[in-house]
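The values are calculated or read from the model by the stated rules, or taken from the named source; none is laboratory data. Keep in mind that this is a model prediction, so the values were computed, not measured. Cβ coordinates were reconstructed from backbone atoms using ideal geometry, including for glycine residues, and neighbour counts include every protein chain displayed. Note: areas computed on protein heavy atoms with side chains; ligands, DNA, RNA excluded. Shrake-Rupley method; radii C 1.70, N 1.55, O 1.52, S 1.80 Å.
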Amino acid sequence: MSTAVETASSAVIVAIDGPSGTGKSSTSKAVAAKLGLSYLDTGAQYRAITWWMLNNGIDVSSPAEIATAAAKPVIVSGTDPSAPTITVDGEDASGPIRTQEVTSKVSAVSAVPEVRTIITELQRSIAAGAEGGIVVEGRDIGTTVLPDADIKIFLTASPEARAARRSGEVKGSDLAATREALIRRDAADSGRKTSPLAKADDAVEVDTTELTLQQVIECVVTLVEEKRTAA
Ligand SMILES: Nc1ncnc2c1ncn2[C@@H]1O[C@H](COP(=O)(O)OP(=O)(O)OP(=O)(O)O)[C@@H](O)[C@H]1O
Ligand SMILES: Nc1ccn([C@@H]2O[C@H](COP(=O)(O)O)[C@@H](O)[C@H]2O)c(=O)n1
C-alpha cells in the first residue's frame, strides 16, 4: 500500500496526533480556519464505523465479525473547519458518534486491521484531494497515514488536565471516572498492534497542560508558518 499523498506544491499537510483530550480537535479546527486549510477529524471516522457496527447488530467484541463488516458502511467526511460533517450511508452521524456507548467501544473497533486499512485509505484520498492543504488530526497520522506530512505535531497534557477539560463539557460528570476512562482508552489505543497511538520521530511535541487553548493554537500556527517560510 503506497503512503505517498500527492497534493498541489503550495498545499501544506499538517498532522496533529496525541491522546484523548489533549486539544487536537479544537486546535486543528482553529489552525485550519486561520490558515485557510481543510480539516479532517479521523477520530470521527472511527466513531462513525463503530456506530454503524452497533446499529447493525455486529458483535464488537469479535474482531472477526468487525473485519467481515468493515467495508459495508459508506463514510463521508466534510472538511470545512467551520462546519465539519460526517455521514454514514448518507445519514448525519455527527451527534450519535459522541455517545458514551460509541466512546466506550471505539478502541475495540479501531484496533481491527481491516478497519484501519479501509479508513486509512479514505483519509489519504481526502488529504490528496485537499488542494489548498489540510490539517489532519488523530492517533497515527504522523506515523502511518501521512508519514510525509510537512509538519507533525504531537499534543500531550497530564491526565488530570485532560480529565478536567472533559468534565467541564458535561455538567455533573465525575472527574475520577472521566480520568480513568481516558487512561483506559489511551492504553488500548497505544497498545494495539496495528498503527498504535504514537509520536512520530520527527513530530514536535507540545505539552498543553499549562497552556490555554489560544496559546496552543498560536504555537501551532507559528510552527506551520515557520515551516512554510523555510520551504
Ligand atoms: N489548552 C487547553 N486548555 C483548556 N481547555 C482545552 C485546551 N485544549 C482543549 N481544551 C478543551 O478540552 C476539551 C477537549 O478538547 P478536544 O476535543 O479538542 O481534544 P481532543 O484531543 O480532540 O480529544 P479526543 O481525542 O478525545 O477527541 C474541549 O472542551 C476543549 O475546549
Ligand atoms: N487516527 C485515529 C483516530 C482515532 N482513532 C480511534 O478513534 C477513537 C476516537 O477518537 P477521538 O479523537 O474522536 O476521541 C480513538 O480512541 C481511537 O480508538 C484511531 O485509532 N486512529
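For this structure, a couple of remarks:
- Taking the listed residues VAL31, VAL14, VAL60, VAL5, the one that is within 15 Å of ALA130 (Cα to Cα) and modelled with pLDDT of 95 or more is VAL14, with no other qualifying.
- Residue in the range 30-48 that is surrounded by fewer than 15 Cβ atoms within 10 Å (Cβ to Cβ) and in a loop (DSSP other than H, G, I, E, B) present: yes
- Among (1) modelled with pLDDT of 95 or more; (2) surrounded by fewer than 21 Cβ atoms within 10 Å (Cβ to Cβ); (3) not in a helix (DSSP H, G or I) - the single one SER173 does not satisfy: (1)
- Checking each residue in the range 200-231 for being away from ligand 1 (no atom under 14 Å from the Cβ) and in a loop (DSSP other than H, G, I, E, B) picks out ALA200, ASP201, ASP202, ALA203, ALA231.
- The residues in the range 96-117 that are more than 22 Å from LYS193 (Cβ to Cβ), more than 14 Å from ligand 1 (Cβ to nearest atom) and not charged (D, E, K, R) can be counted, and the count is 1.
- Test result for PRO81, touching a helix residue (DSSP H, G or I) at 6+ places or on another chain (Cβ under 9 Å), under 13 Å from VAL135 (Cα atoms) and not aromatic (Phe, Trp, Tyr): yes
- Subset of the range 59-80 that is in contact with a Leu (Cβ under 7 Å, 6 or more places away or on another chain) and assigned to a loop (DSSP other than H, G, I, E, B) - its residue that is most open to solvent (accessible area, probe 1.4 Å): THR79
- Taking the listed residues ILE119, ILE141, ILE126, ILE151, the one that is more than 14 Å from ligand 2 (Cβ to nearest atom), among the aliphatic types (A, V, I, L, M), buried (at least 19 other Cβ atoms within 10 Å of the Cβ) and within 17 Å of the chain's Cα centre (by Cα) is ILE151, with no other qualifying.
- Members of the range 49-58 found to be in contact with an Asp or Glu (Cβ under 9 Å, 6 or more places away or on another chain) and open to solvent by 40 Å² or more (accessible area, probe 1.4 Å), listed by number: LEU54
- Taken over the range 9-21, residues that are more than 29 Å from ILE183 (Cβ to Cβ) and either touching a residue at least 40 places away in the same chain (Cβ under 8 Å) or surrounded by 24 or more Cβ atoms within 10 Å (Cβ to Cβ) (or both) amount to 4.
- Single condition SER94 does not satisfy, out of (1) surrounded by fewer than 19 Cβ atoms within 10 Å (Cβ to Cβ); (2) part of a helix (DSSP H, G or I); (3) among the hydroxyl-bearing types (Ser, Thr, Tyr): (2)
- Flag for LYS24 being surrounded by fewer than 15 Cβ atoms within 10 Å (Cβ to Cβ), modelled with pLDDT of 95 or more and either within 16 Å of ligand 1 (Cβ to nearest atom) or over 21 Å from THR144 (Cα atoms) (or both): no
- Residue that is least open to solvent (accessible area, probe 1.4 Å) [pool: residues in the range 154-166 that are over 15 Å from the mean Cα position of the chain (by Cα) and within 13 Å of ligand 2 (Cβ to nearest atom)]: ARG162
- Criterion (touching a residue at least 60 places away in the same chain (Cβ under 8 Å) and more than 25 Å from THR103 (Cα to Cα)) met by exactly one of ARG192, ARG228, ARG165: ARG228
- The criterion of being within 13 Å of ligand 2 (Cβ to nearest atom), within 14 Å of SER38 (Cα to Cα) and within 14 Å of the chain's Cα centre (by Cα) holds for VAL136.
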